[in-house]
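Asks: Below is the structure I would like to discuss, written out as structure tokens.
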Amino acid sequence: MRVYVPLTLPGLAEAHRSGQLGSGPFTAYAVTPALREWYLSDDIEELEYAALNRAALASLRLLAGDAAAPRRRVVVAVDVPDGTAAADPGRGLDPAALGEVRVAGRVPLGKAAAVHVDAADAEADVRAAAGALAAADGGDDDAQFVVDGAEDHELLWYATQEIPNLVGIAS
């Protein structure tokens, strides 16, 4: 099963140092039954992209809580054995939980398939979105427009061999 792990650049640097993603259990995003029902698509690529975007929003939430982190969203795509990640059945179609799964145990960073990171030109919009997130969660339409501005930036794809260069951004 492919899961998308939201991080920040300092979080990616820590994963690179330790060789592990999360200390388990940790939150990630995947194509879940609820995400399939919400997205109304059978196209696995579209569904994977939706899960990636859910993880990017979770990365933005991490950035909102860490003012020192560079303003770039980070998502690690990693394959885990079936049964390692599970959705909370009690949350059903809760919009905040769509695609959310809990990954049991540690996952070696070496299992990562790719890393997705914002380009430098997204930093201003990501900074503004991180600052507006709480107001958007409270129903402020103008703040939601600012958050959506960060989502307009596509995350760039990086091979796992490029992680050392990426974490250099976080130093």
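The values are calculated or read from the model by the stated rules, or taken from the named source; none is laboratory data. Note that the structure is predicted; figures quoted are calculated from it, not measured. Note that we place each Cβ from the backbone using ideal geometry, even for glycine, and neighbour counts take in every protein chain shown.
Asks: Report whether or not Ala56 is closer than 26 Å to Ala143 by Cα and touching a His at 6+ places or on another chain (Cβ under 8 Å).
Replies: Answer is yes for this residue.
Asks: Exactly one condition in (1) closer than 23 Å to Ala13 by Cβ; (2) within 15 Å of the chain's Cα centre (by Cα) is not met by Arg106; state its number.
Replies: (2)
Asks: Now, a different point. Please indicate, with yes or no, whether at least one residue in region 117-130 is more than 15 Å from Tyr4 (Cα to Cα), β-branched (Val, Ile, Thr) and out of contact with any Lys or Arg (no Cβ under 9 Å at 6 or more places or on another chain).
Replies: no
Asks: Only one residue in Asp140, Asp125, Asp118, Asp94 is modelled with pLDDT of 90 or more, surrounded by fewer than 15 Cβ atoms within 10 Å (Cβ to Cβ) and either under 17 Å from Thr8 (Cα atoms) or among the acidic types (Asp, Glu) (or both). Which one?
Replies: One residue alone meets the criteria, Asp140.
Asks: Could you tell me whether region 149-165 includes any residue that is part of a helix (DSSP H, G or I), at pLDDT 95 or above, of a type in the set (D, E, K, R) and farther than 16 Å from Leu9 by Cβ?
Replies: Within region 149-165, none of the residues are part of a helix (DSSP H, G or I), at pLDDT 95 or above, of a type in the set (D, E, K, R) and farther than 16 Å from Leu9 by Cβ.
Asks: Within region 34-73, work out how many residues are polar (S, T, N, Q) and surrounded by fewer than 21 Cβ atoms within 10 Å (Cβ to Cβ).
Replies: Result for region 34-73: 2.
Asks: Here is a further query. Taking into account only those residues within region 13-33 that are surrounded by fewer than 16 Cβ atoms within 10 Å (Cβ to Cβ) and polar (S, T, N, Q), which is nearest to Ala159 (Cα to Cα)?
Replies: Ser18
For every residue, the table says whether it meets (1) touching a Lys or Arg at 6+ places or on another chain (Cβ under 9 Å); (2) within 19 Å of Val117 (Cα to Cα); (3) polar (S, T, N, Q); (4) at pLDDT 90 or above.
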position: Pro10; (1), (2), (3), (4): no, yes, no, yes
position: Arg36; (1), (2), (3), (4): no, no, no, no
position: Asp43; (1), (2), (3), (4): no, no, no, no
position: Glu48; (1), (2), (3), (4): yes, yes, no, yes
position: Asp66; (1), (2), (3), (4): no, yes, no, yes
